[in-house]
Amino acid sequence: MYQYDQYDQAIVDARVEEFRDQVKRRLAGEITEDQFKPLRLMNGLYLQLHAYMLRVAIPYGTLSGKQMRMLGHIARKYDRDYGHFTTRQNLQYNWIKLEDTPDILADLASVEMHAIQTSGNCIRNISSDQYAGAAADEVADPRPWAELLRQWSTFHPEFSYLPRKFKIAVIASEEDRAAMRLHDIGIELVRRDGVLGARVFVGGGMGRTPMIAPEIAEFVKADDLLSYVEACLRVYNRYGRRDNAYKARIKILIHELGADEYRRQVADEFAHVKTLGIDPPLAELERITAYFAPPAYEQGISDDIDRSDPDFALWLDQNVKAHKQPGYAIVNISLKPIGGIPGDATSDQIDLMAELAEKYGFDELRVTHAQNIVLPHVAKRDLYAIWQALDAAGLANANLDLVSDIIACPGLDYCSLANARSIPVAQKIAERFADLDRQRDIGELKLKISGCINACGHHHAGHIGILGVDKKGIENYQLTLGGSGAEDTSIGKIIGPGFDEDGIVDAVERAIEKYREVRTPGERFLDTYRRVGADVFKGAIYG
Amino acid sequence: MKIVTGNDLKTGDVIWWTGKGWSRHYGEAVDVVDAADTVIASESAAQRVNAAYAVDAEASPNGPLPLHIKDRVRAAGPTVRADLGINPAVPIVKG
C-alpha cells in the first residue's frame, strides 16, 4: 500500500490546522455560512437532513487495518457507532458535530487519511478495481496509476474549480468491476506489443443525463498518460459550461462537440502539454509502484478447502473469488444482510474486518463501489476461520451479486437532495427474496436504487434499476431494466409508469419471475432481457 | 400554518423555532404566520442556525406537524433507524 512521504503528511496536517481555524472562526461568528460553506465542503463536510455528514476519502478504495480501525474509532467516538460505505468507495458519517470535525480530521491524518476531494467541483477521489493486485486477468496493477493521478490532482490549482465535479476510474482488466465507462474519465490499462498503455474513455456518467463514455484514445502510452489526462481536463475546463449546472459535466460538452472534435482538441492540447514535462520521471513511478508490490505470499500452499460445513460452502461459492496466486483467494464481505441497510457497518464490525485483514490478509482491505468490503489476499487454508468470525458478527451474507446484494443510496432517510427513500425499498426487496436458494436460482442480478435523479445509487447501471421520485409529495418509484456497469456497459430503460413503495417490490418480483420463465440455460437476467426485449417484461409487470 | 426549521450550527441537529428559541422537538414549533422571513434573517444573523427555512405544517396532537415528507423525515429521524430519531413516532406519510 502507498505510504505518505513527508510532503503528503505535511499537506494533510496543514489542511487540518487550516480547517480547525476556519471552524473556530465560524463558531465565533467571524465568518458567515455563505463564506464557510465552500470551505467545509472542500473538507468533505456536508449539511444533510439530520446533521452534518462527513465523507472520508478512501483513495481507490484501498485501506489498511490501521486505517479501517480508525474509521471504527471515529464512528464510535464521534458518530453513532456506525459508518456508511458509499458507491464512490468512500465512507460517510451521518451524525457529525461541526465542533468535532477538526479533531476527526486530525485523527484521520494520523493514519494518512483525509476528506479532501470528496466534494466540490474538483477531481474527486479516484476509484478503481477492488480486485487490483489480486485479479488474474489484469495487465498491470492499476493502483500505482490511480495513486499517481491522486497526487497529481490533489489541490491541482488549475482543476480545483472545474465547471462541475469530475470522477476518474482506473482499471486494468477486460472485466470491468468499477463501472469505468460511467465516469468522466475511464482509464483501462492495456498492453500492446508488450508496451503498457491505456484506452481512455471520456464523457461518461450517470445523473440526470446518463451517458456511456466514448473511447477518445485507443492507446496512450503509459509514459504519456498523465499528460493526456491533463489535456482532457484542460479542454473541458476551457469549454465546459459554467452557466448551467445541469449541463456542466464533461459528458454534455462531448455530446455537444462530438467525440471526434473533442478528440481532435485533446490531441492538440496534448501536443502542447507534452512540452511542459509533467509526466513523472521513471524513478518517481518506480517509487510509487514499489508500494504496491505483491505481498509476501507463501509458496506451495494448498488449494484444498474443506467444504463439509454447508453454510460455509455456500459462502465460498458465492463470495470467494479466484486469486492469481495459487493457494490464495479473494474474500468479499457483503454488507447486505437481509433487511439491513446497504453499506452500513457498525464500529465493532469495522474493527472485526480490520482485525481479519491484519491477521489473515496482509493488512489490506478494499471498499467496492457496490458497498461491500474485500480482503484481497487470503490464504485458502484461512477461509473457514474468516467465515466463522464473519458469521459471528453478522457479516457472512452469502449473497454477492445476487438480488439482495443491492446498491442503495442513503435516499430521503438521510440525504437533503433525495426525493424518495431508497433504503426501505432495498430492505423490502431483500426480504421478499430472502430465501438463498431462490436467490441462487435467479443468479447474478445487479439491483440498484437511487432516491433522486442524481443517481448515487447507480440505478441507470442496474440490471434492475429503481429511481425514487416525488410525485405531488408522495414517493413514487420508476423501474428501469437492462442497465450494466460492467464491460458490457448499458443504460437501463424506464419500463413504464411508476409504483408506490409496495408496488415496486411486486413489480421487481414479476420481472424476475418472467425472467425465470423465459430464460435459457446459463442466461443471466440481463442476458435474457437483452435477448427477449423490454415488451416481454413490460407485459409481465403491468399485465 | 408555517413553522421554521433549520440545523443547529454547532451540532447540526434539526431544530424548530419556538418563538423564543430553538427546540429539537417539532411539536414545540410555533406558527410564524407571515413572519418567517424576519425570523430566518435575525436567527441566521445570530449564527445559531444553519440553512433555516419555513415549511407548511398542520396541527396534530403533538403540535405542528410538517406537511411534506422530507420535513417529516427531518422531524422523525431516519425511518430505517428508529433508535436514532428523537421523534420516531412522526407519521411519515400524510393521511
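Where a number appears in this text, it was derived from the coordinates with a stated rule and is not lab data. Model, not experiment: these values are computed from the prediction. For neighbour counting, all protein chains shown are included, and Cβ atoms are generated from backbone atoms with ideal geometry for every residue, glycine included.
Modelled spin labels at A:Ala392 and A:Val518, positioned 7 Å past Cα toward Cβ, are 4.9 nm from each other. Beyond 18 Å between alpha-carbons counts as too far, so tell me which of A:Lys77/A:Lys97; A:Lys37/A:Lys167; A:Lys247/A:Lys472; A:Lys448/A:Lys471; A:Lys37/B:Lys20 fall in that bin. Result: A:Lys37/A:Lys167; A:Lys247/A:Lys472; A:Lys448/A:Lys471; A:Lys37/B:Lys20 exceed 18 Å.
Of all lysines in the structure, the ones whose alpha carbon falls short of 18 Å from that of A:Lys324, not counting any fewer than 8 places away in one chain, are A:Lys380. Look at the dipole of segment A:365-444 built from charges on Cβ: of A:Ile407, A:Ala379, A:Val367, the Cα furthest out on the positive end belongs to A:Val367. Length, then width, then depth: along the principal axes, the Cα atoms of segment B:2-84 run 35, 28, 18 Å. Ignoring aspartates and glutamates fewer than eight residues from B:Lys70 along the same chain, the ones with Cα atoms less than 13 angstrom from its Cα are A:Asp413, A:Asp470, A:Glu475, B:Asp56. With the convex hull of the Cα atoms taken as the outline of segment A:6-109, the averaged projected area works out to 6.9 nm².
Debye calculation, C-alpha points only, no solvent: report log10 I(q)/I(0) for segment A:310-392 at q = 0.19, 0.22, 0.23, 0.26 Å⁻¹, in the same order as the q values. These q points yield log10 I(q)/I(0) values of -0.82, -1.12, -1.22, -1.54. Based on alpha-carbon atoms, the Kirkwood radius and the radius of gyration of segment A:355-478 give Rg/Rh equal to 1.05. Measuring nothing but how far apart in sequence close Cα pairs (under 8 Å, 6+ apart) lie, relative to its length, segment A:183-293 scores a relative contact order of 22 percent.
Rounded to the nearest whole angstrom, the semi-axes of the ellipsoid equivalent to the protein assembly as shown, taken from the Cα gyration tensor as √(5λ), stand at 37, 31, 26, largest first. By the compact-protein rule of thumb, 2.2 N^0.38 Å, the alpha-carbon radius of gyration of segment A:82-197 corresponds to a ratio of 1.20.
The base-10 log of I(q)/I(0) for segment A:407-542, evaluated at q = 0.15 Å⁻¹, reads -0.65 [Debye formula, identical scatterers on Cα atoms, solvent excluded]. Our summary of shape: the Cα atoms of segment B:44-95 have principal axis extents of 35, 25, 17 Å, ordered from largest down, in whole angstrom. Excluding same-chain neighbours fewer than eight residues apart, the aspartates and glutamates reachable from A:Lys251 by a Cα-Cα span under 17 Å are A:Asp184, A:Glu215, A:Glu230, A:Asp243, A:Asp260, A:Glu261. Note on segment A:298-347: Cα convex hull, mean projected area over all directions, 5.1 nm².
In a solvent-free Debye calculation with one equal scatterer on each Cα, what is log10 I(q)/I(0) for segment A:97-161 at q = 0.12, 0.23 Å⁻¹, listed in the order of the q values? Here log10 of I(q) over I(0) equals -0.44, -1.03.
Using only Cα atoms and rounding to the nearest 10 degrees, what angle (0 to 90) does helix B:36-45 make with the longest principal axis of chain B? Value to nearest ten degrees: 70.
Computed from point charges on the beta carbon alone (+1 for Lys and Arg, -1 for Asp and Glu), the dipole magnitude for the protein assembly as shown about its Cα centre is near 1540 Debye.
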